[in-house]
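Notes for the one structure printed next.
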Amino acid sequence: MSEKYQVLIIGAGPAGYVAAIRCAQLGMKTACIEKWVDNKGAVKLGGTCLNVGCIPSKALLDSSHKFVEAKHDFDIHGISVDEVKMDVAKMLARKEKIVTQLTGGIGGLFKANGVTSIVGKGKLLANKQVEVTNEAGEQTIYHADHIIIAAGSVPVAIPPAPLVDDVVVDSTGALEFTAVPKRLGVIGAGVIGLELGSVWARLGAKVTVLEALDEFLPAVDMTIAKETKKVFKKQGLDIRLGTRVTATSVTGEGDAREVTVEYSDASGTKSETFDKLIVCVGRRPLSESLLAPDCGVTLDERGFVFVNEQCETDARDVYAVGDIVRGPMLAHKGSEEGVMVAERIAGKKTQINYDNIPGVIYTHPEIAWIGKNEQELKAAGHDYKVGTFPFSASGRAMAANETTGMVKMIADATTDRILGCHIIGPSAADLVQQVVIAIEFGASSEDLALTVFSHPTLSETVHEAALAVAGHAIHIPNKPPRKK
Ligand code: FAD
Ligand code: AMP
């Protein structure tokens, strides 16, 4: 029997590593188990987010955006650039360097906070024991007073499109293309498919997105989704809705390999050939072979670890956080759950506001939202008021040549409390965060309208949208207040 810990965490992604650091800060003897190792056997901390998710995708999005700016957008500022070229190998090396720096940084934070890092695959047994199997197949049993499961998620695989080397890939493979594919297919018009499709489209790929649903971005406010579709179309993304992929086949040899995709849409069965295909049809919880049958933790019908609002599982003193439990699969949601659980173990009464978790699509322009959207409020019969403000009326957006998009603010028709904010536009992710804070403090649209915003900033669009809720926007002609 090995050492006993106060808290043992399975998984060192943003949910698990943040929980570990917070537990250690609170004075608890903490260890975090992680199975992900590099080709030298060294542990890779940070999970999907740091290794193959949020960070590498944003590195590629930023590189490819700079390429587009240099190629097409500098001219309007009077800057001429003779020949703009993209060195894909250098772009990938930069991404890898950022990943290595950040994952190594988590190791440093573990040391600084006194978190023990255990390398191996953890399995939860009964009586708060965890069996860890290392790369050599050796097993050790650890004991703890409290256990936090943070094993995360993996890409969903679909039978019609099995992965084939570097030709048919998932999101991880799409971060590794060594050259820009001429013809790129993407299955799934979700957040990840749109972000990765955008990266390669900006670098010159002809990108076709095949989406089974008839509706584009159904979870996004309908006005913003409509505007987003228009913007993506202008950028050259060929988004085909109501298009279900039914089969794929890879043919050819070496660099000449290609993939033919069969799909059905309203007009029948068709096929199309691509050089590369990204399968981005969602993620699933990684809960298999993680739990011994008698450990007491139960799964829901979709394989998520079953938890309550406080992330407690059905087994006493065993918690689960992040992508492996219900709710949006977002790094910040998992990290906040990690903090909540650490603090609750330490006796605090911390609780997350699950109604106030922002969502972002990091394309250009960005799409970001918080709270309820118009279609949800309509469906619920909730009376609301809307104020919108376009970036085309913002002096700062004009100065930056970033005038596409709008801010849409929604407030309760009676109390004026802010119910949601939906943005497509420059720095939308950062702008929406201001409204997240406002909502957290129970603000009304009038509170935001009475707040002083620096001039000239993109943030003024949030201010003007709040003013527009009451029909008082200054820099656009006001329509009569729109109430539902
Ligand atoms: P994970 O990050 O998946 O970490 C789980 C860890 O547990 C892994 O390291 C895994 O190896 C380890 N593990 C699993 N089983 C065991 C076991 N039995 N024993 C030991 N270790 C185990 N989210 C955002 O919020 N913003 C974004 O911009 C964003 N972009 C994304 C882009 C892409 C391409 C992808 C794929 C995802 C993106 N996400 C983004 C989602 C985000 O990455 C996840 O929500 C987040 O990583 C989930 O955190 P987690 O800690 O729950 O799980
Ligand atoms: P998300 O879950 O946000 O990552 O989005 C994944 C998307 O993939 C969803 O919108 C699904 O409708 C879509 N999808 C799943 N299977 C298929 C398929 N066989 N063909 C086309 N789209 C699909």
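Here are a few things to note about the model shown:
- Listed by position, the strands (runs of 3 or more DSSP E) enclosed by region 228-289 that each have at least 1 residues that are under 21 Å from the mean Cα position of the chain (by Cα) and of a type outside the set (Ser, Thr, Tyr) are 238-240, 276-279, 283-285.
- Selection of first residues in region 271-289 that are more than 19 Å from Leu330 (Cα to Cα) and polar (S, T, N, Q) and of second residues that are open to solvent by 40 Å² or more (accessible area, probe 1.4 Å) and within 12 Å of ligand 1 (Cβ to nearest atom), restricted to Cβ pairs under 9 Å at least 6 apart or on distinct chains, gives the following pairs, ordered by first then second residue: Ser289/Lys121; Ser289/Lys123.
- In region 227-270, the residues that are free of Cβ contacts under 8 Å to residues at least 24 places away in the same chain, open to solvent by less than 70 Å² (accessible area, probe 1.4 Å) and charged (D, E, K, R): none
- Criterion: crowded, with 16+ Cβ neighbours inside 10 Å, modelled with pLDDT of 95 or more and within 16 Å of ligand 2 (Cβ to nearest atom) - qualifying residue of Val169, Val180: Val169
- The criterion of being open to solvent by 50 Å² or more (accessible area, probe 1.4 Å), over 20 Å from Val339 (Cα atoms) and in the same structural domain as Thr140 (by TED's automatic domain parsing) does not hold for Lys29.
- Test: Ser394 is within 30 Å of Leu60 (Cα to Cα), of a type in the set (Gly, Ala, Ser) and either assigned by TED's automatic domain parsing to the domain that holds Asn478 or exposed (fewer than 15 other Cβ atoms within 10 Å of the Cβ) (or both): yes
- Annotation note: of Gly185, Gly204, the sole residue that is under 23 Å from Met91 (Cβ atoms), open to solvent by 40 Å² or more (accessible area, probe 1.4 Å) and either within 15 Å of ligand 2 (Cβ to nearest atom) or not assigned by TED's automatic domain parsing to the domain that holds Pro56 (or both) is Gly204.
- When we screen Gly114, Gly108, Gly41, Gly46 for residues that are within 20 Å of Ile10 (Cα to Cα) and free of Cβ contacts under 8 Å to residues at least 12 places away in the same chain, the only hit is Gly108.
- Within region 181-196, tally of residues that are in a helix (DSSP H, G or I) and of a type in the set (A, V, I, L, M): 4
- Test for Val52: is it open to solvent by 10 Å² or more (accessible area, probe 1.4 Å) and within 16 Å of ligand 2 (Cβ to nearest atom): yes
- Residue in region 82-100 that is in contact (Cβ under 8 Å) with a residue 24 or more places away in the chain, of a type in the set (Lys, Arg) and touching a strand residue (DSSP E or B) at 6+ places or on another chain (Cβ under 8 Å) present: no
- Answer residue from region 152-166, given it is within 20 Å of Arg244 (Cβ to Cβ) and not aliphatic (A, V, I, L, M) and is farthest from ligand 2 (Cβ to nearest atom) among those: Pro162
- Looking only at region 1-32, residues that are closer than 23 Å to Arg344 by Cα and not in a helix (DSSP H, G or I) come to 17 in all.
- Those residues of region 216-226 which are away from ligand 1 (no atom under 16 Å from the Cβ), of a type in the set (A, V, I, L, M) and touching a residue at least 24 places away in the same chain (Cβ under 8 Å), in sequence order: Met222, Ile224
- Out of Glu374, Glu337, Glu343, sole residue that is within 30 Å of Thr30 (Cα to Cα), touching a residue at least 40 places away in the same chain (Cβ under 8 Å), in contact with a Lys or Arg (Cβ under 9 Å, 6 or more places away or on another chain) and among the acidic types (Asp, Glu): Glu343
- Unique match (being loosely packed, with under 15 Cβ neighbours inside 10 Å and in contact (Cβ under 8 Å) with a residue 24 or more places away in the chain) among Pro480, Pro456, Pro426: Pro456
- Close contacts from region 4-21, counting a first residue that is touching a residue at least 12 places away in the same chain (Cβ under 8 Å) and among the basic types (Lys, Arg) and a second that is within 16 Å of ligand 2 (Cβ to nearest atom) and open to solvent by less than 10 Å² (accessible area, probe 1.4 Å), with Cβ to Cβ under 6 Å and a gap of 6+ residues or different chains, come to none at all.
- Single condition Ser289 does not satisfy, out of (1) in contact with a Phe, Trp or Tyr (Cβ under 7 Å, 6 or more places away or on another chain); (2) surrounded by fewer than 17 Cβ atoms within 10 Å (Cβ to Cβ): (1)
- For region 411-423, a tally of residues being crowded, with 23+ Cβ neighbours inside 10 Å and free of Cβ contacts under 8 Å to residues at least 60 places away in the same chain returns 4.
- Residue satisfying all of: in region 189-214; of a type in the set (Asp, Glu) and within 22 Å of Ala247 (Cα to Cα); farthest from ligand 1 (Cβ to nearest atom) among these: Asp214
The values are calculated or read from the model by the stated rules, or taken from the named source; none is laboratory data. Source: prediction; values computed, not measured. With ideal geometry, Cβ positions are generated from the backbone for all residues, glycine too; neighbour counts draw on all protein chains shown. With ligands, DNA and RNA removed, areas are computed over all heavy atoms of the protein, side chains included. Shrake-Rupley method; radii C 1.70, N 1.55, O 1.52, S 1.80 Å.
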